[in-house]
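**Student:** I am attaching a structure below and will ask some questions about it afterwards.
Since every read-out is calculated from the coordinates, none of them should be taken as a lab result. Keep in mind that this is a model prediction, so the values were computed, not measured. We place every Cβ from the backbone using ideal geometry, glycine too, and count neighbours over all the protein chains shown.
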Amino acid sequence: MLPLQRIVVATDFSPVASAALQAATGLAARAGEPEVVLLHAVEPMSFLEPLTGARFTTGVGLPSDIMRRSMENAEERLAEFAGEAPIPEPEDLGRVVRSGRPADAILELGDELDADLLVVGTHGRTGVRRLLFGSVAGEVLRRARRPVMTVHEWVPGADGPLIPGADGALVSGVMNIRRVLVPTDFSKQARAGLRAGVEIARAFGAELHLLHVIDTRFDAALAPLLGDHQPSLQSLLARAEKHAEDILASEWKAAGPSSLTTKEHVRVGQPAHEVAEFVKGYEIDMIVMGSRGRSTIGDFILGSTAERINRTSTVPVITVREEAEAAD
């Protein structure tokens, strides 16, 4: 995954979009100083939102003069937004304004620029009325063939102490990653996430935590059928936990992160909940996950579990496509 050459950052000018830009520039400073391109998409009928409180995404085109003014206004706002970026030379940021659906625009620009990473906020200007994750970020995650980073309003280290920048000078307002979490189900797709997690941890000098969760959601369904054999289930879980620990050790050996501080963890419970609790308990700054492909996602790594992780995580989440990793 590293070094990065180009990053596309989607923006709707919301606080979350500012956090996404902050995370992207913070990662760029440690990942080869790639070109960062800001993208804003002018949606059909979106000019009615301030009047109605609702979004119109019917695909109905705007009259040419209204569309022209909307595009010009967007270009001005994008220039102002770029100027507020927490980097020494914000004028170096690329700026692109497109018309159309945001998810389509993000994916198309990513393909045009052969971007190494797409960055989106996990909710947008519609606030609680409609999470961006459910429309734009969720669609990008499902369809993207490239790594995607989702970001909430808080960027690790942005409000913390000064840290060394790319040139060694102390700077603030940048992303500081101290602990990286890689959830795994031991699949080859999860190993793509592990490889990316190793690279990011090395770039930031961060600790790397590998977590496997033994999913016990089947307990409630099986309990009535097990009857007196319930202790056998607990014994099975204990053996599964020991087996997972052995596999985790071999995963580290295969990844070869000998220069990093690494730790393996096994939890028993519901995966999304356990990941959230682990993030809080260990003060994790970033999650890196592998995924199966363009539309299907593994039972643990994506699907309902990873969707929930991306939607609710309090820290940035990078989702890596196994097919993209294999092509490198």
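**Student:** Name the long-range amide H neighbours of Gln270: under 5 Å, sequence gap of 5 or more, or other chain; modelled H, no Pro or chain starts.
**Tutor:** Counting only residues 5 or more places away or on other chains, the set is Thr216.
**Student:** Quote the FRET efficiency, to the nearest 0.05, computed for Ser259 versus Ala79 with a Förster distance R0 of 56 Å and r equal to the Cβ-Cβ distance.
**Tutor:** 0.85
**Student:** For Arg95 and Asp111, compute 0.36 nm times the residue count separating them, minus their Cα-Cα distance, and round to one decimal in nm.
**Tutor:** The span from Arg95 to Asp111 would gain 4.2 nm if fully extended.
**Student:** Further, regarding this structure: Could you give the nm distance between label points at Lys188 and His273, where each point is 7 Å from its Cα heading toward the beta carbon?
**Tutor:** According to this spin-label approximation, the distance is 3.4 nm.
**Student:** Continuing with the same structure: Checking the cross-link filter: which lysines have an alpha carbon closer than 26 Å to that of Lys253, excluding same-chain neighbours under 8 positions apart?
**Tutor:** Cross-link targets: Lys188, Lys242, Lys263.
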